[in-house]
1. Roughly how tilted is helix 15-70, in degrees to the nearest 10 and between 0 and 90, from the longest Cα axis of the chain?
2. Going toward the positive end of the dipole of the chain, with +1 on Lys and Arg Cβ and -1 on Asp and Glu Cβ, which of Pro17, His106, Trp48 do you reach last?
3. Kindly give Rg over Rh for the stretch 14-71, based on alpha-carbon atoms, with the Kirkwood expression for the hydrodynamic radius.
4. Lysines within cross-link reach of Lys115: Cα-Cα under 20 Å, excluding same-chain residues under 8 positions apart?
5. At a Förster distance of 41 Å, what's the computed FRET efficiency of Lys76 paired with Arg39, Cβ-Cβ distance as r, to 0.05?
6. Where in the stretch 55-90 does the amide nitrogen come within less than 16 Å of the point 7 Å from the Cα of Thr124, taken along Cα to Cβ?
7. Name the long-range amide H neighbours of Ala98: under 5 Å, sequence gap of 5 or more, or other chain; modelled H, no Pro or chain starts.
8. Karplus couplings for the stretch 85-98 from phi (6.51 cos²θ - 1.76 cosθ + 1.60, θ = phi - 60°), rounded to Hz, Gly and Pro as x?
Amino acid sequence: MKESWQVVRNERGLALPMVLAVTILLFLILTAVLTQLVREGHARTAEWKMIRAQYAAESGIARMQSRLCVVKRPKKLLTTQMNGLRTETKIDRYEKNAVHVISIAHGKGVKQTIKAKLARDNCTIQKWGR
């Protein structure tokens, strides 16, 4: 009987290492979860910036398209500054029945380029490109 009492009595010092192990494990799991959340937030922000730049470049194409409908030979460079994005749209080259347009949107850490081939007679987009 004396031996079993000593075993139980010696387990009293086991509580501190167990609490420390569980605390360290919870800390590691919490750190991993928070790191993943921060990375996901950065990825979401970068994706949103790219989408905004894509729309800005497309709007540059649309502005040049409307200019081509009014003026048959507009100036070659059209610059737009809006919502922290700078869009430069230029005429790349003229063909017999088409005009090739390039639109580049620059923002904080993001750049999107879109190309389009516009019909000269009715100003419609014949082909999109990158």
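The values are calculated or read from the model by the stated rules, or taken from the named source; none is laboratory data. What you see is a predicted model; the values in this text were computed from it and never measured. Neighbour counts are summed over all protein chains in view; Cβ atoms, including those assigned to glycine, are modelled from backbone coordinates with ideal geometry. Ligands, DNA and RNA are stripped out before the accessible areas are found, and what is left, the full protein with its side chains, is counted by its heavy atoms. Shrake-Rupley method; radii C 1.70, N 1.55, O 1.52, S 1.80 Å.
1. With rounding to tens, the tilt is 0 degrees.
2. Farthest along the dipole direction, towards plus: His106.
3. That ratio is 1.61, to two decimals.
4. Lys49, Lys72, Lys75, Lys76, Lys90, Lys96, Lys127
5. According to the calculation, E is roughly 0.45.
6. Within reach of a label on Thr124, which here means backbone N under 16 Å from a point 7 Å along Cα→Cβ, the stretch 55-90 contributes 65-66, 69.
7. Those lying under 5 Å, H to H, from Ala98 are Arg120.
8. Taking θ as phi minus 60°, the curve returns 10, 10, 10, 10, 10, 9, 7, 7, 6, 9, 10, 4, 10, 8 Hz for the stretch 85-98.
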